[in-house]
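Structure first, commentary second.
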Amino acid sequence: MAGKKAHLSIDGIAESIELPVYPGTTGPDVIDVRSLTSHDVFTFDPGFMSTASCESKITYIDGDKGILLYRGYPIEQLADESDYLECCYLLLNGELPDAKQKAEFVKAIRYHTMVHEQIHHFFNGFPRAAHPMAIMVGVVGALSAFYHDALMIDKEDHRKTAALRLIAKMPTIAAMCYKYSIGQPFMYPRNDLDFSANFLYMMFGTPCENYVPSPVLTDAMDKIFLLHADHEQNASTSTVRLAGSTGANPYACISSGITALWGPAHGGANEAVLKMLMEIGDESNIDKFIKRAKDKDDPFRLMGFGHRVYKNFDPRAKVMRVTCQKVLADLGKENDPLLRIAMKLEKIALEDQYFIDRNLYPNVDFYSGIILKAIGIPVNMFTVIFATGRTPGWVAHWHEMIGNPFKIARPRQLYTGPAMRNYPVRK
Ligand code: CMC
């Protein structure tokens, strides 16, 4: 494969242009078009449908086969055998930790779970009714004002400290967003608890009574974090890389990733799923909504269905589906009306020719939204939880980019506006 070339002939350019073609470990080859600019021509690919924006060794997706690998390991195996923090280590370092490395990593994360006390006051500036994503974007960006000691991004140890801080503090910040919105005191992290149990404790514990997180819910929370930990060059990760390519600090970069994640076509979908289920309201209305989803003149889409890359069952959704059933059984919520609508919707959509023809399977957000609702997490916190889980992926991509030669990301355009013209002389 090495040495493969593509040849491009363009009307008006006498010679054909030779372009190198690079193979990946797996997946499609890529044509290196960087030299095209010297021929005064650009490629045009809005939405990056056919563009590899970088070289990466972290995560691989085969959307046709429904495969997702973190550093080569299938997501189903990681969900069965591993846990979230081990996957964080894997994403950041490239290999699974041995027992000692794992213990050290877990200890390091625990050491960083608390946020600077001044950040508590920072929350007070937000209205109580603020969307928690709005608070999270602000607070994460503001972390750069608190942790000056490790902001020299060309130093690997500084980047690693920032990575640990972000992974460790995101659940604390997420839970603070929730506590602030309901007017309850912030709960300091408890480092005797595992990562996901501690998150549930900070969300649902109060200083007034002892809160013991249930093992089934803790396991479900850990799986949600693990399954969301990375997803290759998606919109938010690409945003983190783009911001990072300017040399911006890691907290600013991750904050920009959070903003990109917020949209309903990306991380906002899990919130949109629940809103859609509430709008459907009753099983008797499902057919009406399915009809709307198929109507080209109606902007309505079935939230939690379809994916830009997966044209097969999202492998994360398969794991989430099983976890979802366990959580509902554990909580005795199998007959919750919204959840019944969700299950019926899933069945109809999987059998409907429109969805079959377009490979529109339920995605991870469809089930994670149902689980989070069953656990008692309010709908407007769903994307905050996605952001918390996705942090190791964002940080790993940022770290990979900064640790290698890179250029500022600066796309070009097909300009179709007015040609140069003179400013009119006005009397
Ligand atoms: N409901 C109804 N029709 C749909 C849906 C849907 N959810 N998704 C795609 N379609 C149709 C679309 O109308 C088009 O039909 P046609 O070929 O007849 O014009 C066809 O399927 C292809 O759609 P597309 O818009 O070209 O596909 P895309 O790859 O650009 O969009 C998507 C992917 C995820 C934005 C889209 O499927 C969608 O809006 N889904 C709902 C939102 C959602 O659940 N997003 C979460 C994605 S998973 C989390 C993550 O990784 O961020």
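The values are calculated or read from the model by the stated rules, or taken from the named source; none is laboratory data. Everything quoted here is computed from the prediction, not taken from an experiment. Because the Cβ atoms are built from the backbone with ideal geometry, glycine has one as well, and the counts that use them run over all protein chains shown.
For A52, state whether it is farther than 19 Å from T172 by Cβ and crowded, with 18+ Cβ neighbours inside 10 Å.
No.
Filter segment 129-182 for residues that are touching a Ser or Thr at 6+ places or on another chain (Cβ under 6 Å) and among the β-branched types (V, I, T); which is nearest to V384 (Cα to Cα)?
V137
Does any residue of segment 389-400 turn out to be near the ligand (Cβ under 10 Å from one of its atoms) and of a type in the set (V, I, T)?
No, segment 389-400 contains no residue that is near the ligand (Cβ under 10 Å from one of its atoms) and of a type in the set (V, I, T).
Looking at (1) within 11 Å of the ligand (Cβ to nearest atom); (2) modelled with pLDDT of 90 or more; (3) hydrophobic (A, V, I, L, M, F, W, C), can you tell me which one I371 breaks?
I371 satisfies all of (1) within 11 Å of the ligand (Cβ to nearest atom); (2) modelled with pLDDT of 90 or more; (3) hydrophobic (A, V, I, L, M, F, W, C) except (1).
Can you spot a residue in segment 345-352 that is more than 12 Å from the ligand (Cβ to nearest atom) and within 30 Å of L90 (Cβ to Cβ)?
no
When you scan segment 14-22, do you find a residue that is exposed (fewer than 10 other Cβ atoms within 10 Å of the Cβ) and charged (D, E, K, R), even just one?
yes
Residues being surrounded by 10 or more Cβ atoms within 10 Å (Cβ to Cβ) and either charged (D, E, K, R) or in contact with a Lys or Arg (Cβ under 9 Å, 6 or more places away or on another chain) (or both): count how many of those fall in segment 93-107.
Residues that pass the stated criteria total 7.
Against the definition (in contact with a Lys or Arg (Cβ under 8 Å, 6 or more places away or on another chain), free of Cβ contacts under 8 Å to residues at least 40 places away in the same chain and not in a strand (DSSP E or B)), how does E86 come out, yes or no?
yes
Could you grab me the full set of residues in segment 141-166 that are part of a helix (DSSP H, G or I), out of contact with any Phe, Trp or Tyr (no Cβ under 9 Å at 6 or more places or on another chain) and touching a residue at least 60 places away in the same chain (Cβ under 8 Å)?
E156, K160 - these are the residues of segment 141-166 that are part of a helix (DSSP H, G or I), out of contact with any Phe, Trp or Tyr (no Cβ under 9 Å at 6 or more places or on another chain) and touching a residue at least 60 places away in the same chain (Cβ under 8 Å).
Confirm whether L226 is within 17 Å of the chain's Cα centre (by Cα), within 16 Å of the ligand (Cβ to nearest atom) and either modelled with pLDDT under 95 or buried (at least 21 other Cβ atoms within 10 Å of the Cβ) (or both).
Yes, satisfied.
Which of the residues spanning segment 293-316 are surrounded by 14 or more Cβ atoms within 10 Å (Cβ to Cβ), more than 9 Å from the ligand (Cβ to nearest atom) and either over 25 Å from the mean Cα position of the chain (by Cα) or not in a loop (DSSP other than H, G, I, E, B) (or both)?
P315
Being of a type in the set (G, A, S) and modelled with pLDDT of 95 or more is the filter here, so list the residues in segment 210-223 that pass it.
Answer for segment 210-223, where residues must be of a type in the set (G, A, S) and modelled with pLDDT of 95 or more: just A220.
Here's a check for you: in segment 255-292, which residue that is surrounded by 14 or more Cβ atoms within 10 Å (Cβ to Cβ) and assigned to a loop (DSSP other than H, G, I, E, B) is nearest to the ligand (Cβ to nearest atom)?
Only one residue fits best here, namely H266.
Check whether at least one residue in segment 92-112 is under 25 Å from L261 (Cα atoms) and under 18 Å from the mean Cα position of the chain (by Cα), and report yes or no.
Taking every residue of segment 92-112 in turn, at least one turns out to be under 25 Å from L261 (Cα atoms) and under 18 Å from the mean Cα position of the chain (by Cα).
Please work out which one of (1) closer than 30 Å to D80 by Cβ; (2) among the hydrophobic types (A, V, I, L, M, F, W, C); (3) near the ligand (Cβ under 10 Å from one of its atoms) is the condition M320 fails and give its number.
M320 satisfies all of (1) closer than 30 Å to D80 by Cβ; (2) among the hydrophobic types (A, V, I, L, M, F, W, C); (3) near the ligand (Cβ under 10 Å from one of its atoms) except (3).
Name the one entry in D314, D297, D330 that is within 20 Å of R390 (Cα to Cα) and acidic (D, E).
D314 is the lone residue from the list that is within 20 Å of R390 (Cα to Cα) and acidic (D, E).
Determine, yes or no, whether R358 is exposed (fewer than 15 other Cβ atoms within 10 Å of the Cβ) and farther than 25 Å from E283 by Cβ.
no
Out of all the residues in segment 257-280, is one or more free of Cβ contacts under 8 Å to residues at least 24 places away in the same chain, out of contact with any strand residue (DSSP E or B) (no Cβ under 6 Å at 6 or more places or on another chain), acidic (D, E) and farther than 14 Å from G369 by Cβ?
For segment 257-280, residues free of Cβ contacts under 8 Å to residues at least 24 places away in the same chain, out of contact with any strand residue (DSSP E or B) (no Cβ under 6 Å at 6 or more places or on another chain), acidic (D, E) and farther than 14 Å from G369 by Cβ: absent.
Identify the residue in segment 231-254 that is within 16 Å of the ligand (Cβ to nearest atom) and of a type in the set (A, V, I, L, M) and, among all such residues, is surrounded by the most Cβ atoms within 10 Å (Cβ to Cβ).
Top of the filtered list is V240.
Among M114, M136, which is surrounded by 18 or more Cβ atoms within 10 Å (Cβ to Cβ) and under 17 Å from M202 (Cα atoms)?
M136
With the condition kept exactly as written, say whether any residue in segment 243-255 is of a type in the set (G, A, S), without any contact (Cβ under 8 Å) to a residue 40 or more places away in the chain and out of contact with any Cys (no Cβ under 8 Å at 6 or more places or on another chain).
There is at least one residue in segment 243-255 that is of a type in the set (G, A, S), without any contact (Cβ under 8 Å) to a residue 40 or more places away in the chain and out of contact with any Cys (no Cβ under 8 Å at 6 or more places or on another chain).
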